[in-house]
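**Student:** Below you will find the structure I want to go over with you.
The values are calculated or read from the model by the stated rules, or taken from the named source; none is laboratory data. The shown structure was predicted, so the numbers you read here are calculated from the model rather than taken from an experiment. All Cβ positions, even for glycine, are placed from backbone atoms using ideal geometry, and neighbour counts span all protein chains on display. Heads up: the accessible areas ignore ligands, DNA and RNA and are worked out on the full protein's heavy atoms, side chains in. Shrake-Rupley method; radii C 1.70, N 1.55, O 1.52, S 1.80 Å.
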Amino acid sequence: MEKFGFGLMRLPVVNGNYSEIDIPRMTEMVDAFLEAGGTYFDTAYPYHGGNSEKAFREAVVKRYPRERFTITDKMPVYMVQKTEQMQGIFEEQLNRCGVEYFDARVIIGLS
């Protein structure tokens, strides 16, 4: 199972609202994923209107020890006007996810 990841881009939502994630349903999915041996989660700053990272914190970080999972987040360079903004976004991502570090970081931009 270590080759599979849990993407946090298309999570279950409430009443069709893309920004309102169904945390109880997501929690069930996370539990099944971890129980099956999965450990890798992937999110990005803009997913679900910025709420994907927060949902990850609720469903995973608050319920499992840090050594039980790995997390990758993406820096949305297409949203950055000045290089100095990147540090603030990075710190916001850490805070939203509720972690002290990411296991990997990816820079996403326009092609």
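**Student:** Taking the residues in the stretch 55-85 that are closer than 13 Å to V99 by Cα and among the basic types (K, R) as candidates, determine which candidate is nearest to the chain's Cα centre (by Cα).
**Tutor:** In this case the residue turns out to be R57.
**Student:** Considering each residue of the stretch 29-54, count those that are in contact with a strand residue (DSSP E or B) (Cβ under 9 Å, 6 or more places away or on another chain), charged (D, E, K, R) and in a helix (DSSP H, G or I), and give that number.
**Tutor:** 2
**Student:** Looking at the structure I just gave you, is K3 at pLDDT below 95, in contact with a Phe, Trp or Tyr (Cβ under 7 Å, 6 or more places away or on another chain) and either surrounded by 15 or more Cβ atoms within 10 Å (Cβ to Cβ) or under 19 Å from D103 (Cβ atoms) (or both)?
**Tutor:** Considered against the rule, which asks whether it is at pLDDT below 95, in contact with a Phe, Trp or Tyr (Cβ under 7 Å, 6 or more places away or on another chain) and either surrounded by 15 or more Cβ atoms within 10 Å (Cβ to Cβ) or under 19 Å from D103 (Cβ atoms) (or both), K3 comes out as no.
**Student:** Moving to a separate point now. Within the stretch 6-47, work out how many residues are aliphatic (A, V, I, L, M) and touching a Leu at 6+ places or on another chain (Cβ under 7 Å).
**Tutor:** 2
**Student:** A further question on this structure: So which residues in the stretch 55-106 are within 21 Å of R10 (Cβ to Cβ), of a type outside the set (K, R), assigned to a helix (DSSP H, G or I) and open to solvent by 50 Å² or more (accessible area, probe 1.4 Å)?
**Tutor:** E58, Y78, M79
**Student:** Next question. So how many residues does the stretch 24-54 have that are under 24 Å from E91 (Cα atoms), more than 11 Å from the chain's Cα centre (by Cα) and buried (at least 16 other Cβ atoms within 10 Å of the Cβ)?
**Tutor:** Within the stretch 24-54, residues that are under 24 Å from E91 (Cα atoms), more than 11 Å from the chain's Cα centre (by Cα) and buried (at least 16 other Cβ atoms within 10 Å of the Cβ) number 1.
**Student:** Next question, about the same structure. How many of the residues making up the stretch 49-77 are modelled with pLDDT under 95 and among the hydrophobic types (A, V, I, L, M, F, W, C)?
**Tutor:** 2
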